[in-house]
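Enquirer: Have a look at the structure that comes next, please.
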Amino acid sequence: KIVNIGTTVVVLDVEFDEEQEYKIVGTAEADPMNGKISDESPIGSALIGHKVGETVVANTPQGELEFKIVKIKKGK
């Protein structure tokens, strides 16, 4: 499985050593406060196309964030 629109991805924030769960959605559905991030957002676009076990770097307004992909779940 790879990360794509409609998948839910569990990532490990490397810097803070904590897991976060994001659902990758289209721009119109994005709701970051509820874990839904756009495929065009810095984190969403960094995750798209990657697999479990891979580490990605997202260039965000807060700087570079490093995430390790822990689990990918298909959307319902």
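The values are calculated or read from the model by the stated rules, or taken from the named source; none is laboratory data. Since we're looking at a predicted model, the values are computed, not measured. When we count neighbours, we look across all protein chains shown, and the Cβ atoms used for this are built from the backbone with ideal geometry, even at glycine. Protein only, heavy atoms only, side chains kept; ligands, DNA and RNA dropped before computing areas. Shrake-Rupley method; radii C 1.70, N 1.55, O 1.52, S 1.80 Å.
Enquirer: Going by the structure shown, is residue 12 part of a strand (DSSP E or B) and touching a helix residue (DSSP H, G or I) at 6+ places or on another chain (Cβ under 9 Å)?
Expert: Details: part of a strand (DSSP E or B): yes; touching a helix residue (DSSP H, G or I) at 6+ places or on another chain (Cβ under 9 Å): no.
Taking the combined requirement at face value, the residue does not satisfy it.
Enquirer: For segment 36-55, give me each residue that is free of Cβ contacts under 8 Å to residues at least 40 places away in the same chain and among the hydrophobic types (A, V, I, L, M, F, W, C). Even if it seems obvious, please write down each step before you answer.
Expert: Here is the first cut: in segment 36-55, the ones free of Cβ contacts under 8 Å to residues at least 40 places away in the same chain are 36-46, 53-54.
Listed by number, the residues that qualify are 37, 43, 46.
Enquirer: Let me ask something else. Of everything in segment 42-76 that's among the polar types (S, T, N, Q) and in contact with a helix residue (DSSP H, G or I) (Cβ under 8 Å, 6 or more places away or on another chain), which residue is most open to solvent (accessible area, probe 1.4 Å)? First the steps, then the outcome.
Expert: Just the residues of segment 42-76 that are among the polar types (S, T, N, Q), to begin with: 45, 55, 59-60, 62.
Adding the requirement that they be in contact with a helix residue (DSSP H, G or I) (Cβ under 8 Å, 6 or more places away or on another chain) leaves 59-60.
Numbers: 59: 108, 60: 21 Å².
Looking at residues that are among the polar types (S, T, N, Q) and in contact with a helix residue (DSSP H, G or I) (Cβ under 8 Å, 6 or more places away or on another chain), I get 59.
Enquirer: Mind listing whichever residues of segment 29-66 are on the phi > 0 side of the Ramachandran plot and either among the polar types (S, T, N, Q) or not in a strand (DSSP E or B) (or both)? Before you say what the answer is, go through the steps one by one.
Expert: Going residue by residue through segment 29-66, those that are on the phi > 0 side of the Ramachandran plot are 35, 49, 53, 63.
Within segment 29-66, 35, 49, 53 qualify.
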